[in-house]
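Reviewing the structure listed below.
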Amino acid sequence: MIFKYLVYLFFLQNCLAIKLIGVNLKSGALHVGRTTELTCDYLKWKQEQLYSVTWSIKYPGVKTNFFEYQADGSKSTPSSTFVQVDEGSSEEQRVNIRILDAQEEEVSICCEVKVLRDSGYGSMKPLRKEKCTDIKVLAGGDQLKVDIWSSHNKAEVGDTMDLVCKAKETPDPEPEYAIRVNGEEIIGVKRNNRLEARVSVNEDHFNPTRRSIGYRPQGSFISNAILVECLGKFGQHIAANSSMTITRGSKQSTNMPLQAGRGEVQRNSRTFFNDPVQHRDHKKGIPCHSYVIVESSFNQGSVIRGQISGEVLEDITSPTKTADDRLETSEDVVAILNILGYHGYQVVGVGNSMDNRMVWTLERKYFEFHQDEL
């Protein structure tokens, strides 16, 4: 009878000890060469205090620890030729790792939690639990690259800047985006695989004493300028960063069209046609049009070639960038023509491609800035 009671107490203690949920990751897989955040989800009982959290990796014939977190906040990262740990961004319940090669198609990531349990009689009993999760290892894709866009190259107090943070190519998996202004993250709205934010400029924005934490030295800030950054993140790990500087001054900037000899205009061929700032004050009578080409697709979809504005993109279902100035969508070509027509485009030419697909050329005048010329 006493033996059964002791066995019952043993199992009761183990059932109450550490509720370990397991290892989780948002991306669903580990990508070679790309940092991935893993979390060890667990709960401690009131009588328990954390001793350590140990992470390990298993694959046929091998099990090795790669990160350990102690209750006092100390960390240790054993060396490994297969997995690399970003120790700075790894904490008690989170670790950021990078698989260095594709020697295994699947691995098990294990999380072991050790606690000290107060027995109630002044003694501490060590307890431990471990759970493992099988995770696919995928070949690394292209390195993540992000871009920041601003409605202003120059700004003054009272101006409102529109900012967009997005990846240069369609990433898989998609990261989380963040926008920083002078090193401080601001609230944005996620829309169509990008993050958009609006900033009202005040005098504090031109204070050069702030810094972008973990990225840029103090000297990178310029007096009377605003540093704007786009971050691509997987969990807490920042995988990509892009920045630009908004200088103090009127909206017209050196990138705007400039008058040249005999009334000609110098243009920035990559941004002039889709940047409202570039159009606002140029000389009247200068042609100011945008052209795109729409092609029908063999598999019931459309191809759009040329630069189009963010407003147009918002109305197109799941546009996929396949090359510079080239988008593909599952939308029917008639729907695309109607969307472009709604935004002011007109068909100015129709033909057939070499492989006998229908092709439309559309033109749009920037009527927002030329209403007096219509």
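The values are calculated or read from the model by the stated rules, or taken from the named source; none is laboratory data. In this text, all values refer to a predicted model and were calculated from it rather than measured experimentally. Methodologically, a virtual Cβ is constructed for each residue, glycine included, from the backbone with ideal geometry; neighbour enumeration extends over all protein chains shown. The accessibility values were calculated without ligands, DNA or RNA, using every heavy atom of the protein model including side chains. Shrake-Rupley method; radii C 1.70, N 1.55, O 1.52, S 1.80 Å.
If Ser74 satisfies every condition in (1) in contact with a strand residue (DSSP E or B) (Cβ under 8 Å, 6 or more places away or on another chain); (2) farther than 27 Å from Gly232 by Cα; (3) modelled with pLDDT of 90 or more but one, which is the exception?
(1)
Where in the range 129-185 are there strands (runs of 3 or more DSSP E), lying wholly inside it, with at least 3 residues that are within 30 Å of Ala225 (Cβ to Cβ) and open to solvent by 40 Å² or more (accessible area, probe 1.4 Å)? Steps first, please.
Numbers: elements: 146-150, 160-167, 176-181.
Filter on the range 129-185 gives 160-167.
What number of residues in the range 189-209 are modelled with pLDDT of 85 or more, surrounded by fewer than 18 Cβ atoms within 10 Å (Cβ to Cβ) and part of a loop (DSSP other than H, G, I, E, B)?
The qualifying residues number 1.
Mind checking which pairs have a first residue in the range 324-335 that is within 15 Å of Ile308 (Cβ to Cβ) and a second that is among the basic types (Lys, Arg) and surrounded by fewer than 19 Cβ atoms within 10 Å (Cβ to Cβ), Cβ under 7 Å, 6 or more apart or different chains?
Note: pairs meeting the criteria are Asp325/Arg305; Arg326/Arg305; Leu327/Lys321.
Leu20 is checked against (1) part of a strand (DSSP E or B); (2) closer than 24 Å to Pro171 by Cα; (3) of a type outside the set (Phe, Trp, Tyr) and fails just one. What number does that condition carry?
Unmet for Leu20, out of (1) part of a strand (DSSP E or B); (2) closer than 24 Å to Pro171 by Cα; (3) of a type outside the set (Phe, Trp, Tyr): (2).
Search the range 64-118 for residues being over 14 Å from Leu38 (Cβ atoms) and among the small types (Gly, Ala, Ser), and hand back the single one that is most open to solvent (accessible area, probe 1.4 Å).
Looking at residues that are over 14 Å from Leu38 (Cβ atoms) and among the small types (Gly, Ala, Ser), I get Ser79.
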